[in-house]
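A.B. asks: Pasting in a structure now, in structure tokens, and then I'll have a few things to ask.
The values are calculated or read from the model by the stated rules, or taken from the named source; none is laboratory data. Everything numeric here is computed off the predicted structure, so don't read it as measured data. A quick note on method: Cβ atoms are made from the backbone with ideal geometry, for glycine too, and the neighbour counts reach across all protein chains shown.
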Amino acid sequence: FESFFKSSFPLLIAHRGFSAIAPENTISAFKYAIRSKADMIELDVRLTKDGTPVVIHDAKVDRTTNGTGKVKNFYLWLLRDLDAGSWFHPKYKGEKIPTLEEVLKFANGKIPINIEIKSSTEKDKLTERVLAVVFENGYDKKVLISSFDPRILKKIKKLTDELPTAFLYHYPVYFNPAKTLEKLGAIALIHNFKFTTPKLVKKIHDAGFKIIVYTVNKPDDIRKMIDIGVDGIITDNVRLARRILNEI
Ligand code: G3P
Ligand code: MG
């Protein structure tokens, strides 16, 4: 894979797209992320009843669409009928839940994508389908796959050696991060910024791994994370983060 981490500045990663100004995980949010010169897009994937990876955060469609029920109980054609934009603002009415394939075709190699695989009882099938879509669309040199579920990361390493992975962790790190990343075959820890300390950053760097933090939206927090030397910042407002980075 290409190394994403080319400069000494942290990568600015658009959380669910530019989700501060457009409905999360929609083509509009990804379009504005690209226009705002994000370094990478983060998105979440789940599986439909008929086995298509679609881009949506929650297990249920309720919060981000006009429908109700679990994503896994929807056939794709029914899911595609839902309005995934109006809940955010009326001007986004008619926005759809995108398939992963649609997003990769839209992004068309212009920007690397961090695909977060959400855990569920369908995780094995979802993981296999995600890898298939990535390779079929020639996106294998431009993805970073992440998950909170170490079983998903292990499965990816069993299936392919070619895709970089990152381990997501929400709590203070009580384990040896380097050992854990090595065991999982991951290149990075993606950590809740609230628990990210200079000491942890050093530990990870000393062992040759990267550390990315989420979800950093307040200017002071963004400055602090730049200051302690993280390799990537996942934010809802990539334009704000860029402005802050440019001031430094
Ligand atoms: O990948 C970072 C972040 O997206 C993880 O949390 O809940 O926003 O998917 P969540
Ligand atoms: Mg996510």
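A.B. asks: Quick check on the range 142-149. Is at least one of its residues more than 16 Å from ILE187 (Cβ to Cβ), in contact with a helix residue (DSSP H, G or I) (Cβ under 8 Å, 6 or more places away or on another chain), assigned to a loop (DSSP other than H, G, I, E, B) and more than 16 Å from ligand 1 (Cβ to nearest atom)?
C.D. replies: Initially, the range 142-149 is screened for residues more than 16 Å from ILE187 (Cβ to Cβ), giving 148-149.
Of the ones still in play, those that are also in contact with a helix residue (DSSP H, G or I) (Cβ under 8 Å, 6 or more places away or on another chain) are 149.
Right, trim to assigned to a loop (DSSP other than H, G, I, E, B) and you get 149.
Still in the list and also more than 16 Å from ligand 1 (Cβ to nearest atom): none.
Checked the range 142-149: no residue is more than 16 Å from ILE187 (Cβ to Cβ), in contact with a helix residue (DSSP H, G or I) (Cβ under 8 Å, 6 or more places away or on another chain), assigned to a loop (DSSP other than H, G, I, E, B) and more than 16 Å from ligand 1 (Cβ to nearest atom).
A.B. asks: A further question on this structure: Any idea which of SER3, SER36, SER28 is of a type in the set (S, T, N, Q), within 22 Å of PHE209 (Cα to Cα) and away from ligand 2 (no atom under 16 Å from the Cβ)?
C.D. replies: Of SER3, SER36, SER28, the one residue that is of a type in the set (S, T, N, Q), within 22 Å of PHE209 (Cα to Cα) and away from ligand 2 (no atom under 16 Å from the Cβ) is SER3.
A.B. asks: What are the residues in the range 190-248 that are within 21 Å of the chain's Cα centre (by Cα), of a type in the set (Asp, Glu) and more than 22 Å from ILE145 (Cα to Cα), if any?
C.D. replies: ASP221
A.B. asks: OK, next. Hand me the list of strands (runs of 3 or more DSSP E) wholly inside the range 6-72 holding 3 or more residues that are modelled with pLDDT of 95 or more, of a type in the set (D, E, K, R) and surrounded by 15 or more Cβ atoms within 10 Å (Cβ to Cβ).
C.D. replies: By residue number, 40-47.
A.B. asks: Quick check on ASN137: is it away from ligand 1 (no atom under 16 Å from the Cβ), in contact with a helix residue (DSSP H, G or I) (Cβ under 6 Å, 6 or more places away or on another chain) and among the polar types (S, T, N, Q)?
C.D. replies: So ASN137 fits the description; yes.
A.B. asks: Restricting attention to the range 126-172, and to residues there that are in contact with a Leu (Cβ under 9 Å, 6 or more places away or on another chain) and of a type in the set (Gly, Ala, Ser), which single residue is surrounded by the fewest Cβ atoms within 10 Å (Cβ to Cβ)?
C.D. replies: GLY138
A.B. asks: Determine whether LEU163 is in contact (Cβ under 8 Å) with a residue 40 or more places away in the chain, of a type in the set (A, V, I, L, M), more than 18 Å from HIS15 (Cα to Cα) and outside any helix (DSSP H, G or I).
C.D. replies: Yes: the conditions hold for LEU163.
A.B. asks: I need every pair where a residue in the range 122-148 that is touching a residue at least 60 places away in the same chain (Cβ under 8 Å) has its Cβ under 7 Å from the Cβ of a residue that is assigned to a loop (DSSP other than H, G, I, E, B) and aromatic (Phe, Trp, Tyr), sequence separation at least 6 or different chains.
C.D. replies: Note: pairs meeting the criteria are LYS141/PHE1; LEU144/PHE4.
A.B. asks: Being in contact (Cβ under 8 Å) with a residue 12 or more places away in the chain, in contact with an Asp or Glu (Cβ under 6 Å, 6 or more places away or on another chain) and more than 16 Å from ligand 1 (Cβ to nearest atom): is that true of LYS157 here? Reasoning before the result, please.
C.D. replies: On the way: in contact (Cβ under 8 Å) with a residue 12 or more places away in the chain: yes; in contact with an Asp or Glu (Cβ under 6 Å, 6 or more places away or on another chain): no; more than 16 Å from ligand 1 (Cβ to nearest atom): yes.
For LYS157, the condition - in contact (Cβ under 8 Å) with a residue 12 or more places away in the chain, in contact with an Asp or Glu (Cβ under 6 Å, 6 or more places away or on another chain) and more than 16 Å from ligand 1 (Cβ to nearest atom) - is not met.
A.B. asks: Right, another one. If we only count helices (runs of 4 or more DSSP H) wholly inside the range 180-248, which ones have 3 or more residues that are closer than 19 Å to VAL143 by Cα and either acidic (Asp, Glu) or more than 13 Å from ligand 1 (Cβ to nearest atom) (or both)? If you could, list the steps in order and put the result at the bottom.
C.D. replies: Numbers: elements: 198-206, 219-227, 238-247.
In the range 180-248, there are no helices (runs of 4 or more DSSP H) which contain 3 or more residues that are closer than 19 Å to VAL143 by Cα and either acidic (Asp, Glu) or more than 13 Å from ligand 1 (Cβ to nearest atom) (or both).
A.B. asks: On the basis of being within 16 Å of ligand 1 (Cβ to nearest atom), touching a helix residue (DSSP H, G or I) at 6+ places or on another chain (Cβ under 7 Å), at pLDDT 95 or above and aliphatic (A, V, I, L, M), does VAL103 make the cut?
C.D. replies: yes
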